[in-house]
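Peer 1: Okay, here's the structure, questions in a sec.
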Amino acid sequence: MEAISTGIAFFHKGGFIMYVLLICSVFVMTIGIERAMYFSRTDTGRAFARAFYKCMANHDIAGAQKLAEDHRGALANILFTAMKLARKDADQVSSYMEIQSGIVLSKLRKRLYYLSVIVTMAPLLGLLGTISGMISAFSIFNLDSGQASAITGGVGEALIATAMGLCVAIIALAVHAYFVQRIENIVTDMEQCFSLVESAKGELASPEGAAR
């Protein structure tokens, strides 16, 4: 209980900006959890991409299609549909994969913009709180009444807002970087798998490929 009371007192010393930064931190946590849940449903995984690559490299069309059918996730769904489409109209495969991948990536990037905004805004809000606190500290400065120590105390309390702003920004930056890297991995997997399907369009459209 004492630690909680100390934390609450420490929070109040930072001024009104601390409440704004608290809201920002809640936004970061909410977006991070929501994106993590969405990525877990959408991301097929790098192991799938490696297995698909291996099947296609060995010209195991049936194995690659079965692999795409058995796995959940955006990449597996696109590849499975593209391979079926190649049997009917191979010329439409490229445009289909391009359109669908664009839709998937757009959904994956959703709300990440807000994290980048918080990364920039949180330190500025903290600085604003510090400046506001310093103004208050200097306003009560009175050498005649021996209140010079009020400046150092006021500045020390004001710096709490800056520290809080930096903490929120660092967390938001870490969350943003994590999901951006995951998107980059998904893009790489898509490009590799799509190129394999592109190169195998003739085989997929052949009677032998259609029979598999």
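Peer 1: Need the failing condition index for Asp144 against (1) assigned to a loop (DSSP other than H, G, I, E, B); (2) of a type in the set (Asp, Glu); (3) at pLDDT 90 or above, just the number.
Peer 2: Asp144 satisfies every listed condition except (3).
Peer 1: Tell me which residues, restricted to the stretch 83-94, are assigned to a helix (DSSP H, G or I) and surrounded by fewer than 14 Cβ atoms within 10 Å (Cβ to Cβ).
Peer 2: Hits for the stretch 83-94 are Lys88, Asp91, Gln92.
Peer 1: Also: From the list Ala57, Ala62, Ala74, pick out the single residue that is crowded, with 20+ Cβ neighbours inside 10 Å and either under 23 Å from Phe39 (Cβ atoms) or hydrophobic (A, V, I, L, M, F, W, C) (or both). Spell out how you get there, then give the answer.
Peer 2: Details: Ala57 fails: crowded, with 20+ Cβ neighbours inside 10 Å; Ala62 fails: crowded, with 20+ Cβ neighbours inside 10 Å.
Step by step, each of Ala57, Ala62, Ala74 is checked, and only Ala74 is crowded, with 20+ Cβ neighbours inside 10 Å and either under 23 Å from Phe39 (Cβ atoms) or hydrophobic (A, V, I, L, M, F, W, C) (or both).
Peer 1: Another question, then. Return the residue satisfying two criteria in turn: it lies in the stretch 79-109 and is under 17 Å from the mean Cα position of the chain (by Cα) and in contact (Cβ under 8 Å) with a residue 24 or more places away in the chain, and of such residues it is farthest from Ala163 (Cα to Cα).
Peer 2: Only one residue tops the list, namely Val104.
Peer 1: Another question, if that's okay. Report, ordered by the first and then the second residue, all pairs with beta carbons closer than 8 Å, sequence separation of six or more or different chains, a first member in the stretch 49-77 that is closer than 15 Å to Thr188 by Cα, and a second member that is among the hydroxyl-bearing types (Ser, Thr, Tyr).
Peer 2: Short answer, once both residue conditions are applied: Ala74/Thr42; Ala74/Thr44; Leu75/Thr44; Ala76/Thr44.
Residues are listed down the side, and each one gets a yes or a no for (1) touching a Leu at 6+ places or on another chain (Cβ under 8 Å); (2) assigned to a loop (DSSP other than H, G, I, E, B); (3) aromatic (Phe, Trp, Tyr):
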| residue | (1), (2), (3) |
| --- | --- |
| Ile23 | no, no, no |
| Glu34 | no, no, no |
| Ser40 | no, no, no |
| Ala49 | yes, no, no |
| Gly63 | no, no, no |
| Leu75 | no, no, no |
| Tyr96 | yes, no, yes |
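The values are calculated or read from the model by the stated rules, or taken from the named source; none is laboratory data. Since this is a predicted model, take the numbers as computed values, not measurements. Don't worry about glycine lacking a Cβ; one is built from the backbone with ideal geometry, like all the others, and counts go over all protein chains shown.
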